[in-house]
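Shown next, in structure tokens, is the structure this report addresses.
Just so you know, all these numbers are worked out from the coordinates, no wet-lab data involved. Quantities reported herein were computed from a predicted structural model and do not represent experimental measurements. Reconstructed Cβ throughout: ideal geometry from the backbone, glycine too, with neighbour counts over all protein chains shown.
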Amino acid sequence: MLNRSLMLKLSLLVIVLAKALPINSPAYGQIIQTNPQQPESFQERMRQQQEQQNQQTQEQFQETWLRLHFQQPELQQQQQLLQQQEFTRQQQEVIRQQQLRLQQQETRLQQEQFTQQQQLRLQQQQLRQDQELRQQQQFRLEQQRRQLQLRQQKGNL
């Protein structure tokens, strides 16, 4: 975009200079000044007309230069605006990526938590089974001891 603007400025400058050169050309001025057939007043009028054209051309050149010069900050502002927009877009993309990573982490944590809960349930179930097994074994041992005591008592009688 900047190159296109620069090319436009240069082409305008070339057009202005192309119009100005034939008028300011030394050969053109010499023809007017060295033509002896023209009366002095005509030569004076031509010289004044040439000076006036030179001045107009100079003013046009200055006006074009000023217009181009003052458009430069405007172009810079546009370029800065585009850069800011691109920066903002990149920041939004970074934020989107971070949010995606956070969601993935949250999902992974939920899965881990679920797995831990499942393991805890299995452990609790295993503990209950172990307790029941111990109670059954204690009950059997108690029965065996009573039977042994009864036998000993019968044997003593």
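Could you please report the charge total around Q152, scoring K, R as +1 and D, E as -1 over all other residues with beta-carbon less than 15 angstrom from its beta-carbon?
Details: positive: R145, R146, R151, K154; negative: none.
Around Q152, the surrounding residues sum to +4.
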Among Q129, L102, L81 the positive-end extreme of the charge dipole of segment 58-144 (Cβ point charges): Q129
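On a full-extension model of 0.36 nm per residue, what is the gain between S41 and Q85, subtracting their alpha-carbon distance, rounded to one decimal in nm? All intermediate terms of the calculation are to be shown ahead of the outcome.
Details: separation 44, 0.36 × 44 = 15.84 nm, distance 6.50 nm.
Extra length from S41 to Q85 when fully extended: 9.3 nm.
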Computed label-point distance, nm, for sites V14 and T107 using a 7 Å Cα→Cβ extension: 5.9
